[in-house]
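Engineer: There's a structure below that I have some questions on.
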Amino acid sequence: MYTITLIPGDGIGPEVAKAMTKVVKATGVDIRWEKVDAGEGVMDEYGIPLPSHVIDTIKKNKIAIKGPVTTPVGKGFRSVNVTLRQELDLYVNLRPVKSFRGIKSRYENVDLVIVRENTEDLYAGIEHKLGDYGAESIKIITKGASERIVDFACNYVKDNKRNKLTAVHKANIMKLSDGLFLDVFREVASKYDVESDDLIVDAAAMNLVLNPQKHDVMVMPNLYGDILSDLCAGLVGGLGIIPGANIGKEYAVFEAVHGSAPQIAGKNKANPTALIQSAVMMLRYLGEYDNAKKIEDALAEVFLRGEKLTVDLGGSASTDEFADEVCKYIL
């Protein structure tokens, strides 16, 4: 039996978390969920929506899965997601982007992976005001962080029998920070038997829209990874179906990458696919490859049949009905 920390999150989080656990249970894998809360409704004495016992629980269990957690825009508390990544040194953000037959999108046969450095860059949160006329954010790129994310990406290409690794950067303008990342990429990639190249980030964005099928595994600093992973989600149907994983040397946190959607919270109409697919990644991380494939195949069947899809996918099924439909095809 596995003991896994479950953080349902805010808004639609509890609903999609309930659907995810139902689907995982249908595979027969034995999991004891240790539920803890984080987010807007759970503030500690310092006004931080990530109580210390949540971190402690993840450290004990080594693995967690979480629903969406609200992050205020332009004010308020710091992102729970960013805090988790930095507290647990979850230096890899892994976002597979794959199209499903039956889901209406602008592209078919997309199968690419974003590997995003997760701990530094502008997301280090080092910023300050410049009097009353401006503000400054400091971009941090280090050799050590760049080496380990590129090393992870190279191993991912080899272990998953992918074809090519592409570095994304802006070294033509930020010659020191992104220049360091690019130099490290070339040095580390040369030690592996993998095909590699690099793209300037704006060209990468254009090429992903023009022909996403040409891309395979892409590794990049934090900010570009955040932007391009969402862009890629839009190629195949949106954030509602895309999973995510945050991985470090000791701990891993799997998550739905979409927002908490408070406008539909409690209405039983949210699409739980993103968190279900994150559970697929989690099961593979645990070595439960057969059970992961059961869920993946069941999702593919549900989408292909198109009989029980949630509203965002053009159907009318509730969150619970969608989960029940997936369970029906887990063989």
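Engineer: In region 280-323, which residues are without any contact (Cβ under 8 Å) to a residue 12 or more places away in the chain and under 20 Å from ALA256 (Cβ atoms)?
Structural biologist: The answer is ARG284, GLY315, ALA317.
Engineer: Moving on to the next point. Among (1) touching a Lys or Arg at 6+ places or on another chain (Cβ under 9 Å); (2) more than 22 Å from ILE242 (Cα to Cα); (3) surrounded by 19 or more Cβ atoms within 10 Å (Cβ to Cβ); (4) assigned by TED's automatic domain parsing to the domain that holds SER190, there is one condition GLU136 misses while meeting the rest; what is its number?
Structural biologist: (3)
Engineer: Sort through ALA256, ALA274 and tell me the only one that's assigned by TED's automatic domain parsing to the domain that holds VAL29, at pLDDT 95 or above, under 21 Å from the mean Cα position of the chain (by Cα) and within 25 Å of SER229 (Cα to Cα).
Structural biologist: Details: ALA256 fails: at pLDDT 95 or above.
Only one candidate passes the filter, namely ALA274.
Engineer: Now, a different point. Considering each residue of region 135-152, count those that are in contact with a helix residue (DSSP H, G or I) (Cβ under 6 Å, 6 or more places away or on another chain) and polar (S, T, N, Q), and give that number.
Structural biologist: Number of matching residues: 2.
Engineer: Does any residue of region 117-135 turn out to be assigned to a strand (DSSP E or B), of a type in the set (A, V, I, L, M) and in contact with a Ser or Thr (Cβ under 9 Å, 6 or more places away or on another chain)?
Structural biologist: Going through region 117-135, the residues assigned to a strand (DSSP E or B) turn out to be 117, 121, 127-130, 134-135.
Still in the list and also of a type in the set (A, V, I, L, M): 130, 135.
Of the ones still in play, those that are also in contact with a Ser or Thr (Cβ under 9 Å, 6 or more places away or on another chain) are none.
So far as region 117-135 goes, no, none of its residues is assigned to a strand (DSSP E or B), of a type in the set (A, V, I, L, M) and in contact with a Ser or Thr (Cβ under 9 Å, 6 or more places away or on another chain).
Engineer: Can you name the number of the only condition in (1) surrounded by fewer than 23 Cβ atoms within 10 Å (Cβ to Cβ); (2) farther than 20 Å from ALA203 by Cβ; (3) not small (Gly, Ala, Ser) that VAL110 fails?
Structural biologist: With respect to (1) surrounded by fewer than 23 Cβ atoms within 10 Å (Cβ to Cβ); (2) farther than 20 Å from ALA203 by Cβ; (3) not small (Gly, Ala, Ser), VAL110 is out only on (2).
Engineer: Can we say THR310 is closer than 24 Å to ASP30 by Cα and either touching a helix residue (DSSP H, G or I) at 6+ places or on another chain (Cβ under 9 Å) or small (Gly, Ala, Ser) (or both)? Step through it out loud before you land on a result.
Structural biologist: Numbers: closer than 24 Å to ASP30 by Cα: no; either touching a helix residue (DSSP H, G or I) at 6+ places or on another chain (Cβ under 9 Å) or small (Gly, Ala, Ser) (or both): yes.
The answer is no for THR310.
Engineer: Among residues belonging to region 88-107 that are in a strand (DSSP E or B) and of a type in the set (A, V, I, L, M), point out the one that is surrounded by the fewest Cβ atoms within 10 Å (Cβ to Cβ).
Structural biologist: Within region 88-107, the subset in a strand (DSSP E or B) is 92-98.
Those left that are additionally of a type in the set (A, V, I, L, M): 92, 94, 97.
Details: VAL92: 22, LEU94: 24, VAL97: 25.
Checking each candidate, the answer is VAL92.
Engineer: Sticking with this structure for a sec: Exactly one condition in (1) surrounded by fewer than 17 Cβ atoms within 10 Å (Cβ to Cβ); (2) at pLDDT below 95 is false for GLY240; which is it?
Structural biologist: (1)
Engineer: Something else now. In region 237-284, what residues are of a type in the set (S, T, N, Q) and touching a Pro at 6+ places or on another chain (Cβ under 6 Å)?
Structural biologist: SER260, GLN277, SER278
The values are calculated or read from the model by the stated rules, or taken from the named source; none is laboratory data. Predicted, not measured: the structure shown is a model, and the values here were computed from it. Please note: Cβ atoms are built from the backbone with ideal geometry, for glycine as well, and neighbour counts cover all protein chains shown.
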